[in-house]
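These notes are about the structure you will find just below.
No lab work stands behind these numbers, since they all come straight from the coordinates. These figures come from a predicted structure and were not determined experimentally. As a convention, Cβ positions derive from the backbone with ideal geometry for all residues, glycine included, and neighbour counts pool all protein chains shown.
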Amino acid sequence: MGNNTVNTIMKDNMTTNNVVNTTTNTVTNTQRNSILSVKDLHVSFSTYGGTVNAVRGVSFDLKHGETLAIVGESGSGKSVSSKAVMGLLSKNASIPSGEIHYDGSNLLKLTDKEFSKIRGSKISMIFQDPMLSLNPVMKVGKQITEMLFLSGKIKKKDAIAKAAQLMKAVGIEDAEKRFHQYPFQFSGGMRQRIVIACALAGEPEILICDEPTTALDVSVQAQILDLISDIQKKRNLSVIFITHDLGVVAGIADRIAVMYAGKIVEIGTCDEIFYDPRHPYTIKLLAAMPDMDMDGSEELISIPGAPPDMLYPPKGDAFAARNDQALKIDFEKEPPMFPISETHFAATWLLHPYAPKVELPPSLQKRINKAKTESKKG
Amino acid sequence: MFKYITQRILLMILTLFIILVMTYFLVQSVPGGPFADPTIKPAVRAVLNRRYHLDQPIWMQFLQYLKGLSHLDFGVSIKVQPQADVFKMIAARFPVTIQLNLLSNLVILPVGFILGILAALKKNSIVDHSIQIMVVVFISVPSFVLAALLQYIFAYKLGWFPITFSTARHMNLEKLLSMVLPVLALSFGGIAYIARYLRDELSEVLNSDFMLLARAKGLTMRQAVVRHALRNALFPLVGMILGIFITVLSGSIVVENVFAIPGTGRLSLAAISSNDYPLVMANVLLYTAIGLFARLILDLAYGLIDPRVTVGGGKNAE
């Protein structure tokens with residue numbers, strides 16, 4: 001029942017967005033049409049222990065040219081949702097319900113063969129560990145152009161030129177020479193650039209980045225993030241960026257979806273999530289981030305407890321057990337998505353008109369105030 | 001590269017020599033001797049021992065043996081085929097053994113590949129489980145038991161194949177039929193090893209990130225398996241081919257006896273059981289040399305097929 005509510009609210013709001021889009025001028029992304037829309041997606045895995053409900057009713061829209069960040073801790077279902085979009089779930093996964101609309105068709109209805117025509121050329125994906133995501137015994141140039149060659153888009157003799165062009169686009173010097181090298185002859189950051197080149201070869205419209213910087217060290221992280229946003233602008237890509245690192249998100253995302261226990265608990269523009277968080281999980285996540293301005297006397301907030309076991313998803317709000325502000329109803333009934341603005345939604349009963357008012361932790365409030373004044377000055 | 005090969009060959013010769021010394025003294029230390037038969041009169045035995053220099057101290061015999069070896073004289077057979085030149089005896093029988101060995105490799109590799117790939121692609125299905133059961137049976141039952149079973153069922157009871165190996169000089173249908181059972185008996189173990197190994201290796205590769213990327217690029221499952229998974233899964237297998245060759249070689253020692261095949265395997269067993277020292281030594285040297293040489297070829301081959309391996313630690317990498 002909760003899911004239906006979510007859906008209606010999302011739907012209502014989509015229509016309102018289209019109608020009222022002239023009134024907003026600060027947020028540009030709401031005006032764009034969505035290119036991909038995921039509706040009430042459920043994914044479960046059958047394991048020896050039972051059925052793991054990894055994703056339990058996820059809905060979101062990806063708009064043309066935007067970067068949507070999906071944030072959540074390990075096991076929150078963010079990677080699984082994205083793999084479902086790519087049709088690359090493992091064998092023991094099943095999708096009991098949900099729809100993924102792209103270009104007028106429901107991707108979940110496609111056969112694997114039909115899906116492989118969309119992968120790479122319409123929707124592409126890069127992965128967490130560049131050390132593992134390249135074939136160790138194939139020349140990198142061949143890996144980049146392989147699919148173009150297989151689909152007959154280019155001739156074998158043009159492959160080098162095409163690969164060199166792609167390698168230059170992702171910032172690899174000396175591409176003609178490096179075409180013939182193997183992945184082990186590249187550093188981690190370089191390999192991730194090659195992975196990006198592989199993903200871009202088919203000129204996709206959507207790029208899904210599944211924690212692309214997690215396995216890289218910090219200085220390289222920044223370079224890869226710059227590269228991704230640079231490529232996005234040049235090619236007008238729509239990007240789904242999956243991460244657990246809120247710091248990474250702040251720099252690149254237009255909108256942020258916060259996932260917890262297989263659901264999106266809050267979704268909004270970058271500013272809305274960082275400056276006006278509403279779901280207790282988002283609030284606590286933000287408050288748990290250390291800050292340069294903190295002095296030694298302040299204790300860093302941590303979230304008690306552990307995420308729920310998805311073999312037995314809890315009734316009501318999955319976060320209630322770890323939430324000191326949880327209401328009685330949080331344990332009983334799943335909260336619907338409450339709209340806060342046209343772009344901002346959160347699934348918590350605390351947004352109900354009868355709910356008590358929520359105070360942000362003082363350290364977080366202080367930080368938000370400071371950031372707001374700074375951005376006004378700037 | 002050249003330096004590396006020279007080093008390896010020198011090391012091979014050293015290894016061969018150590019094995020030669022060990023075998024020589026081990027074989028001689030076995031109680032009894034070629035003429036230990038109690039029905040032989042002591043005077044006759046003394047003459048025979050002198051005839052083959054067996055009355056001399058063992059180190060003298062060894063030096064003489066080495067002297068012979070230095071101009072490729074492997075000595076003469078004492079017991080199995082008295083006075084016959086050992087080298088010629090082996091040279092006459094070795095082609096038979098190698099022929100059977102290569103034939104069973106021709107059976108092992110494709111069948112093992114297909115079963116292994118099938119099991120990996122259909123992991124945890126009924127296909128996979130049946131292959132697994134077959135693998136366990138083939139690995140646990142030794143080849144000579146299978147040889148005897150095959151011979152009993154298909155040759156003796158059903159009469160589909162001849163009971164013994166045909167010694168016809170040229171290949172004909174009868175000879176081909178007589179080779180079927182020995183080749184099968186030699187192949188089961190290898191098939192099981194390859195199938196089990198390839199299943200584990202391939203199913204690991206199938207779950208690797210680069211398979212995901214290959215699929216994300218738009219390759220179909222079949223394209224991704226053929227172009228990315230198989231090659232990676234096959235690399236370690238190259239090393240196993242040598243092991244299988246050697247296993248089949250040692251398996252044929254017994255299987256050749258079951259089917260009365262005139263090869264070096266049967267010859268080795270006859271030599272060992274009759275304490276025919278020169279013949280045992282020559283067989284051991286042959287098998288050791290094959291093993292060492294195959295190892296060298298294999299290591300060199302890795303440098304050719306796997307871009308990550310540089311033979312001899314050269315500066316191939318950038």
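Tabulated data
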item	result
Sorted peptide list for B:136-147, A:62-73, B:7-18, criterion being average Cβ within 10 angstrom, highest first	A:62-73, B:136-147, B:7-18
Environment charge of A:SER105, counting only residues whose C-beta is closer than 12 Å and scoring Lys/Arg +1, Asp/Glu -1	0
³J(HN,Hα) computed for each position of the stretch A:253-266 - Karplus, 6.51 cos²θ - 1.76 cosθ + 1.60, integer Hz, glycine/proline x	7, 8, 10, 10, 10, 9, 10, 8, 6, x, 9, 7, 9, 7
Top of A:GLY262, A:GLY75, A:GLY49 by mean-square fluctuation, Gaussian network on chain A, Cα under 10 Å	A:GLY49
Per-residue average of Cβ from other chains inside 10 Å of B:203-210	4
Global form of chain B, assessed from the alpha-carbon gyration tensor, a/c cut-off 1.5	oblate
Set of lysines near B:LYS123 by C-alpha distance (under 28 Å), chain-local residues within fewer than 8 positions excluded	A:LYS78, A:LYS83, A:LYS91, A:LYS109, A:LYS113, A:LYS117, B:LYS217
Neighbour net charge for B:PRO34 - beta-carbon separation under 14 angstrom, K R +1, D E -1	+1
FRET efficiency, 1/(1 + (r/R0)^6) with R0 60 Å, evaluated for A:LYS156 and B:HIS53 via beta carbons	0.30
Neighbourhood net charge (13 Å Cβ-Cβ; Lys/Arg +1, Asp/Glu -1) for B:MET134	+1
Prolate/oblate/rounded label for the stretch A:275-377 (Cα gyration tensor, a/c 1.5)	oblate
Cβ-Cβ FRET estimate between B:ARG295 and A:ILE301, R0 fixed at 51 Å, reported to 0.05	0.25
Distance between modelled label sites at A:HIS101 and A:LYS377, nm, 7 Å Cα→Cβ extension	4.6
Residues B:THR39, B:THR97, A:THR348, B:THR220, sorted so that the one with the fewest Cβ neighbours within 10 Å comes first	B:THR39, B:THR220, B:THR97, A:THR348
Furthest towards positive pole of dipole, B:GLY32, A:VAL170, A:ALA320, structure part the protein assembly as shown, Cβ charges	B:GLY32
Long-range amide H partners of A:LEU134 with built H, under 5 Å	none
Sequence-distant residues sharing a close amide H with A:CYS209 (under 5 Å, placed H)	A:ILE126, A:ILE240, A:PHE241, A:ILE242
Order of B:LYS175, B:LYS41, A:LYS377 under a 10 Å beta carbon neighbour criterion, fewest first	A:LYS377, B:LYS41, B:LYS175
Fraction of alpha-carbon pairs over 25 Å apart in chain A - percent	58
Inter-chain Cβ neighbour average for residues A:119-128, partner chain, 10 Å	4
Packing-based exposure ordering (other Cβ within 10 Å, fewest first) of A:TYR260, A:TYR48, B:TYR152	A:TYR48, B:TYR152, A:TYR260
Cα→Cβ-extended label distance, 7 Å offset, between A:TYR275 and B:GLN28, nm	9.6
Full-stretch length increase - B:GLN7, B:ILE272 - with 0.36 nm per residue and alpha-carbon distance subtracted	92.1 nm
DSSP H segments from chain B that extend 20 Å or more along their own axis, Cα-based, with Kyte-Doolittle mean of -0.5 or above	B:2-29, B:86-121, B:126-140, B:173-206, B:230-258, B:277-305
For residues of A:134-141, the mean tally of beta carbons on other chains within 10 Å	6
Label point distance in nm, B:ALA84-A:ALA321, each placed 7 Å from Cα along Cα→Cβ	8.0
Column: log10 I(q)/I(0), Debye, Cα scatterers of the stretch B:2-70, q = 0.14, 0.19, 0.24, 0.27 Å⁻¹	-0.58, -0.85, -1.10, -1.21
Highest average packing first - A:100-112, B:256-268, Cβ atoms within 10 Å	B:256-268, A:100-112
Candidates B:ASN124, B:ASN283, B:ASN275: whichever shows maximal mean-square fluctuation once chain B is modelled as a Gaussian network with Cα springs under 10 Å	B:ASN124
Relative contact order (percent, whole number), chain A, Cα cutoff 8 Å, 6+ residue spacing	19
Equivalent ellipsoid semi-axes, the protein assembly as shown, via Cα gyration tensor eigenvalues times 5, rooted, Å	72, 27, 24
Whole-number percent relative contact order across the stretch B:89-313, with pairs defined as alpha carbons under 8 Å at least 6 apart	26
Gaussian network model of chain A, Cα within-10 Å springs - most flexible of A:ALA84, A:ALA215, A:ALA257	A:ALA215
Cα shape, the stretch A:135-286, gyration tensor, a/c 1.5 rule	prolate
